[in-house]
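Q: So that we are looking at the same thing, I have put the structure below in structure tokens.
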Amino acid sequence: MNDFSADSTLHPWANGLYSIKRHGNSLTTCDSEPVQTPGCIQAHGALLVLRLTDLTILQASDNTEQFFGERPDMLLGQSVARVIGAARQAYLQNMLLRESLERNVLYAFTLPERGGEAALDVCVHTTDGVAVLEFEATGRQADPAERDYFSLVKSAVGRLQTATGLREFCEHVATEVRGMSGLDRVMVYRFHADQHGEVFAESKRDDLPAWLGLHYPATDIPQPAREIFKKLWVRPLQHAAGPLVELVPLANPDTGRPLDMTHCALRGASVMYTEYLANMGVAATLVMPILVDGELWGLIVGHQYAPTCFGYQLRAACELIAQVVSLQLKSTEYIEQQAYRLKVETVHQQLIAKAAQNGDLMAFFNGQPTLLDAMEADGAALFHRGRWWHVGRTPTDPQLDALAGWLNQRAEFDQGNRPVYATDALSRDYPAGVDIANVASGVLAVRVSRLRQDLIVWFRPETIQTINWAGDPNDKTIGAGIHGARLTPRGSFELFAESVRARALPWTPMEIESAQRLRMLVMELVVARAEQLAELNIDLTTSNEELDAFAYVASHDLKEPLRGIHRYAHQMMESTQGLDPANQERAESLMRLTLRMDSLLDSLLHFSRMGRTNLDFEDVDLNSVVADALEMVGVRPADKACTIVLARALPMARCNEVRVREIFSNLISNALKYTRQAQPRIEIGYLAPAEPGLPANAPPEASGQTVYYVRDDGIGIDKRHFEQIFRMFKRLNGRDEYGGGMGAGLSVVKKVVGRHGGVIWVESARDTGSTFYFTLPATLHAQP
């Protein structure tokens, strides 16, 4: 399907500008061939090169006698009127003046049949200071009715617009081009990110073998040919095995340079290309590019198994189809990508909703959907809570551990702005990736927690495992050509198989972006449930400080006007004129409300200071801390107002003494307040790590920690309120019941415990008392 230059033996440059050995060419040397300047044309037409200033013939194809009755040497230096007549020369001169013909081929006129020779369509374009005229048989003898290509193109475009997806659109393209051209086979050939090609859609004769889904190496269409297809819209080859005709002379006598034949429909094809077609049994081809944003997305490739005349009208229709396809494919591909994006985002949102409902990321793997249902991958894995969770085909846990260790050492994962890694060839970066290429040549990984280094990873196997081969790709078939052995399509499959070992289909930018968005959704979920999961994420530090600062400023600034209101109400009550009873009652209510609001602001100020004050940790005797807390709440053993039980002496703990005293004083104060007992009983104790007695509802973070507790025999708490009691200003009882209060004490306790890197929870039941458990790991030394 490539488009190489002609073999150099057909155009040895007389001035030595270019030469190459006849033998030894291969697919690997095609990138250096002079595709734009072959110096020869296909023999079914003739070509003249004219000087623009006076339309003198500078170069002519070596077959002019067949078409015009005169040899090239008789035409060189003559006016083009000698071939086309004075009237048409004048028309051509006028056309050159009024039309934009630089590298733009336009139909000029048709030379009528003469001397038994067929009528000739004449096309013209300009390049590098010369005018190029191409003469080809019209093809109307074979089709005297002359098809209405305008109507055909119009109908084809209408049908293309009905496609709803990229593959369906490309299938319509193949069908429409084949119907218009009558070719035996038309394929839409798509280039992948690594430049290898795939037959993405196909329309063919029923008796021909199917090539749909087959892949070919990038070298089948070398870079020079790809560059040419960016500059023209149709490339005909009417007789692949037909002779080629040189230009006379090979170089422009005015400039000494070869003719740039990029836009010539008659441009000669290389022997390598024609042998490639012969290996497939193809006699003629018609190729059109598909360009998206100026880049080669793919090709529309037509094959005919007998030499065929592709007249100008057909080529013009195909050119228009190629342009329409290029414009419409972009929007069709965008719509399909958006549909894929929507599918991915929808599944990711469902996963996040499941995780939020279940309270854990394991929901990504339990039930439907799973982490694998969104992304086009063969396997996915999540490292969470110290272990791997799998779905689909993935490496083993030891292999995943090694991969995660390597990923976490990469620079990308040390930067907060883009902690993502994506590759289609893992072994290129990670040597041990060779051992897992069959399941993980392609890797897309994002980190969802810096502290615990949790990862989400998707896997794709090496490409050779994902291709639907038409038969055994190892079954080589080599054809013999005049220059030696040549690759057949089967041989191309083998070459492709060898070139994609340990490589996967690449991740698209959209897939990488979606993985990053999922990471952000997970992090938002973690933030929303940070208290339950004890996730002290560094990313929250700044926002927490800002919230605390706002609470501090807001509560501090509100106290001044509140005092003014209280003072004004007091002055009204003390007024010598006095107030009537109704207004007196209103003034008293206003004073009570201002006092209550002042208490609320004091609580808010205290809570905000807890997040803004630096904590220094030291080794503290908790027995002394408890004794001080008891004294602060007014509990003295001699009073016998309550029973304080210390099950055993408390251990030393590394903590902030002042703040831990506040934990115990708040919990003891609540135990004394929320009771119906005449002499309440309060037990203070601890459980050493691995010691039995830890309640079933203990969070995982408490495992392996020393757990402290304060137990009472008070009114108890319903299980449904366990989370609510730790929220700011949340009370379960009336404002004036059980001594009143602001509902801030447990919020402060939880914040202090969190500042020590610990967790707090409650075990309770109505009318049976409550036990508050907490840990003090002190792992965040002096954290602000």
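Q: For ALA108, list long-range residues whose amide hydrogen, built 1.01 Å from N in the peptide plane, is under 5 Å from its own amide hydrogen.
A: VAL122, CYS123, VAL124
Q: Restricting to DSSP loop positions (anything but H, G, I, E, B) with no more than 16 other Cβ atoms inside 10 Å of their own Cβ, which trypsin sites (Lys or Arg not before Pro) remain in region 68-127?
A: Answer by residue number: ARG103.
Q: Here is a further query. For ASP254 and LEU208 in the same chain, what is the full-extension length gain: residue separation times 0.36 nm, less their Cα-Cα distance, in nm?
A: Values: separation 46, 0.36 × 46 = 16.56 nm, distance 5.02 nm.
Computed gain between ASP254 and LEU208 is 11.5 nm.
Q: Under 8 Å for C-alpha pairs, at least 6 residues apart: give me the relative contact order for region 84-237, rounded to a whole percent.
A: Relative contact order, region 84-237: 10 percent.
Q: Describe numerically, in nm with one decimal, the distance between label points set 7 Å from Cα along Cα→Cβ at ARG766 and at HIS192.
A: In this crude spin-label approximation the distance works out to 6.5 nm.
Q: Test of understanding: what is the full-extension gain from ARG654 to GLN453, defined as 0.36 nm times their sequence separation minus their Cα-Cα distance?
A: 69.7 nm
Q: Expressed in nm to one decimal, what extension gain is obtained for the pair VAL157 and ALA647 from 0.36 nm per residue of sequence separation less their Cα-Cα distance?
A: Numbers: separation 490, 0.36 × 490 = 176.40 nm, distance 8.72 nm.
Here the segment from VAL157 to ALA647 would lengthen by 167.7 nm.
Q: Then there is this: Quick one: of LYS154/LYS230; LYS230/LYS343; LYS354/LYS750; LYS640/LYS750; LYS230/LYS330; LYS640/LYS751, which pairs are farther than 22 Å apart, Cα to Cα?
A: The answer is LYS154/LYS230; LYS230/LYS343; LYS354/LYS750; LYS640/LYS750; LYS640/LYS751.
Q: With a point put 7 Å past each Cα toward its Cβ, work out how far LYS719 is from ASP628 in nm, to one decimal.
A: Rounded to a tenth, the inter-label distance reads 3.9 nm.
Q: What FRET efficiency do you get for ARG385 and LYS231 if R0 is 56 Å and r is their Cβ-Cβ distance, rounded to the nearest 0.05? Spell out each step's value before the answer.
A: Values: r = 58 Å, r/R0 = 1.03.
Rounded to the nearest 0.05, the efficiency is 0.45.
Q: Within region 247-324, which chymotrypsin sites (Phe, Trp or Tyr not before Pro) sit in a loop by DSSP and count at most 15 neighbouring Cβ atoms inside 10 Å?
A: On the way: sites: TYR273, TYR276, TRP297, TYR305, PHE310, TYR312; in loops: TYR305, PHE310.
In loop regions of region 247-324 (DSSP not H, G, I, E or B), the sparsely surrounded chymotrypsin sites (Phe, Trp or Tyr not before Pro) are TYR305.
Q: Then there is this: What is the distance in Å between the Cα centres of region 662-700 and region 189-248?
A: Their Cα centres are 79 Å away from one another.
Q: So what's the Cα pair-distance distribution over region 219-341, bin width 5 Å, in %?
A: 2, 9, 17, 19, 19, 14, 10, 6, 3, 1, 1, 0
Q: Calculated FRET efficiency, ASP148 and GLN328, Cβ-Cβ r, R0 22 Å, to nearest 0.05? Write down the numbers at each step before the final one.
A: Numbers: r = 22 Å, r/R0 = 1.01.
E(calc), rounded to 0.05, equals 0.50.
Q: Taking the Cα centre of region 609-712 as the origin, how large is its charge dipole in debye, to the nearest 20, when only Lys and Arg (+1) and Asp and Glu (-1) carry charge on their Cβ atoms?
A: Dipole magnitude for region 609-712 comes out near 460 debye.
Q: Can you classify region 73-130 as rounded, prolate or oblate using the Cα gyration tensor, where a ≥ b ≥ c are the square roots of its eigenvalues, rounded means a/c under 1.5, and otherwise it's prolate if a/b beats b/c and oblate if not?
A: Note, shape of region 73-130 comes out prolate.
Q: Continuing with the same structure: Once the Cβ-Cβ distance between ALA119 and ARG501 is put in as r, and R0 is 45 Å, what FRET efficiency do you end up with, to the nearest 0.05?
A: 0.25
Q: Treating the Cα atoms of region 299-388 as identical point scatterers in vacuum, please give the log10 of the normalised Debye intensity I(q)/I(0) at q = 0.14 Å⁻¹, two decimals.
A: -0.68
Q: What's the ranking of 692-698, 289-295, 217-223 by average number of surrounding C-beta atoms within 10 Å, highest first?
A: Sorting 692-698, 289-295, 217-223 by mean packing, highest first, produces 217-223, 289-295, 692-698.
Q: Which of rounded, prolate, oblate describes region 119-247, given a ≥ b ≥ c as roots of the alpha-carbon gyration tensor eigenvalues and a/c under 1.5 marking rounded, otherwise prolate only if a/b is larger than b/c?
A: oblate
Q: Continuing with the same structure: With a 10 Å radius around each residue's Cβ, average the other Cβ atoms per peptide and rank 258-269, 680-691, highest first.
A: Going by the mean number of other Cβ atoms within 10 Å, highest first, we get 258-269, 680-691.
Q: Also, I was wondering about something else. Pull out a ≥ b ≥ c, the square roots of the eigenvalues of the alpha-carbon gyration tensor of region 663-732, then state rounded if a/c is under 1.5, prolate if not and a/b is larger than b/c, and oblate in the remaining case.
A: Verdict is oblate for region 663-732.
Every read-out reported here was derived from the displayed coordinates using simple, explicitly stated rules and does not represent laboratory data. Model, not experiment: these values are computed from the prediction. Ideal geometry is used to build each Cβ from the backbone, glycine not excepted, and the neighbour counts take in all protein chains shown.
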